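Undergrad: I have a structure here, written as structure tokens, and I will follow up with some questions on it.
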Amino acid sequence: IHAAASSTTGSIEIGTTEESSMAVVGRKAFDQAVTVPSLTLDRLLEERGITRVDLCKIDVEGHEVEVLKGASGMLGHIRRLIIEFHSPALRDEVRALLLSRFDVVQESANRIGLLHAVNREMEGAGVG
């Protein structure tokens, strides 16, 4: 698959800055950038006929919310999510997107960390 996961299908700009060697999406200014195709996880899974995902790990250097927005149709069919975050604000935004379907069973309180959530409909109510 030669595309970046995002909230829309089309294209997005991925770039780097002098302050970090990590590739990031969505900044207004990059030192170096490239435009790449993008697609939603909803579209990818639909095109491939995938109706259930046991584990989805998302580590996209600050683009987690956009990836989750592009998976809104499939979130009910994802059993477990592990999401890396790079700020408390991003963690809180991810958490807010998931709370209607997922229970957070583990998360790091650090600035950078992981959030592990389980789909309460697939795992049973009261988990975590």
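The values are calculated or read from the model by the stated rules, or taken from the named source; none is laboratory data. On a predicted model such as this, the values are computed, not experimentally measured, just so you know. Glycine gets a Cβ as well: all are built from the backbone with ideal geometry, and neighbour counts include every protein chain shown. These area figures cover heavy atoms from the full protein model, side chains too; ligands, DNA and RNA do not enter into them. Shrake-Rupley method; radii C 1.70, N 1.55, O 1.52, S 1.80 Å.
Undergrad: FRET efficiency for Glu93 and His2, Cβ-Cβ distance as r, R0 = 41 Å, nearest 0.05?
TA: According to the calculation, E is roughly 0.90.
Undergrad: Related question: Under the rule of -39500 (n - 2.57) per DSSP H run of 4 or more residues, summed and divided by the residues of the chain, what mean residue ellipticity at 222 nm is obtained, to the nearest 500 deg cm²/dmol?
TA: -5500 deg cm²/dmol
Undergrad: Can you work out the accessible area per residue across region 1-120, with the rest of the protein chains kept in place, probe 1.4 Å, in square angstrom? Can you show the working numbers first?
TA: Details: 6770 Å² over 120 residues.
That works out to 56 Å² per residue.
Undergrad: Next up: Apply 1/(1 + (r/R0)^6) to the Cβ-Cβ distance of Arg120 and Arg48, taking R0 = 25 Å, and write down the FRET efficiency to the nearest 0.05.
TA: 0.45
Undergrad: On the first, second and third principal axes, largest extent first, how far apart are the outermost C-alpha atoms of the chain in Å?
TA: The principal-axis extents, from largest down, are 47, 37, 17 Å.
Undergrad: What's the carbon and sulfur percent of the chain's accessible surface, probe 1.4 angstrom, rounded to a whole number?
TA: Accessible surface attributable to carbon and sulfur in the chain totals 50 percent.
Undergrad: Additional query: Would you tally the net charge around Arg120, using a Cβ to Cβ cut-off of less than 10 Å, leaving Arg120 out, and scoring K and R as +1, D and E as -1?
TA: -2
Undergrad: Now, a different point. Between helix 88-98 and the chain, what is the angle of the helix's C-alpha long axis to the longest principal axis, kept within 0 to 90° and rounded to the nearest 10?
TA: Around 50 degrees separate the two axes.
Undergrad: So, one more: If all Cα-Cα distances of region 61-128 are sorted into 5 Å bins from 0 onward, what percent lands in each bin, rounded to whole numbers?
TA: 3, 19, 31, 25, 15, 6, 0
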